[in-house]
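Taking it in order: structure first as structure tokens, then the write-up.
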Amino acid sequence: MRRAHYGGGPGALTSGLVWLLAGSLLLLWEQDKAIIAFLIGGMFIYPVSTVITRMLGRSAQHDKSNPLAPLGLETTFMMLLGIAVSAALYLQEPLWFFPAMLFIIGGRYLTFATLYGMKTYWLLGGLLALAGYLVYAKNLPIESGAFLGGLVEIIFAFILMRAVPN
């Protein structure tokens, strides 16, 4: 799994870019439009990261007999349920959307420590959750969560790829 998907680094890179795009759009557009763009962008993370992975010389195809393969799909469903919770929170208080998303994505990354066999994901997940807490506790502007999520994921994308041997 780690070798085929380059440690998940291309996925973290793509996701980080979606977060940064959302933060930028929040500075330019209405919140509703930026959140919708974030959610639509999120739907393209896997296909875009697959293309990037292949461009970097990896197969992006794990062994179908790998017993951990279902874990990626299972955590995707958990994430989708979390997005529904984030959307409900957004309707109550828009400032809560990105902190909730940071917790949800951070929690998903914690399972990637098992999926990819890389403890680095514990740190990535923990830092995203910490960012979510800080944005919420400090009542930071809505774009702060998007920019923090993007920054953390992009930094870790390169750390993850560097940790995978050729």
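The values are calculated or read from the model by the stated rules, or taken from the named source; none is laboratory data. If you're wondering where the values come from, they're calculated on a predicted model, not measured in any experiment. Using ideal geometry, Cβ is built from the backbone for each residue, glycine included, and neighbour counts are taken over all protein chains shown.
Looking only at segment 73-118, residues that are surrounded by fewer than 18 Cβ atoms within 10 Å (Cβ to Cβ) and not in a helix (DSSP H, G or I) come to 2 in all.
Taking the stated definitions as given, is GLY82 at pLDDT 95 or above, touching a Pro at 6+ places or on another chain (Cβ under 8 Å) and within 18 Å of ALA22 (Cβ to Cβ)? It is false that GLY82 is at pLDDT 95 or above, touching a Pro at 6+ places or on another chain (Cβ under 8 Å) and within 18 Å of ALA22 (Cβ to Cβ).
Contact annotation: residue pairs with Cβ atoms under 6 Å, 6 or more positions apart or on different chains, pairing a residue in segment 51-72 that is in contact (Cβ under 8 Å) with a residue 24 or more places away in the chain and closer than 11 Å to ARG2 by Cα with a partner that is surrounded by 16 or more Cβ atoms within 10 Å (Cβ to Cβ) and β-branched (Val, Ile, Thr), are ALA60/THR50; ALA60/THR53. Checking the structure you have, find out if any residue of segment 44-55 is of a type in the set (S, T, N, Q), closer than 27 Å to GLU93 by Cα and modelled with pLDDT of 95 or more. No - not one qualifying residue is present in segment 44-55.
Taking the criterion of being part of a helix (DSSP H, G or I), over 22 Å from LEU128 (Cα atoms) and of a type outside the set (Lys, Arg), would at least one residue in segment 35-44 satisfy it? Scanning segment 35-44 turns up no residue that is part of a helix (DSSP H, G or I), over 22 Å from LEU128 (Cα atoms) and of a type outside the set (Lys, Arg).
Checking each residue in segment 107-136 for being among the aliphatic types (A, V, I, L, M) and within 25 Å of TRP29 (Cα to Cα) picks out LEU128, ALA131, LEU134, VAL135.
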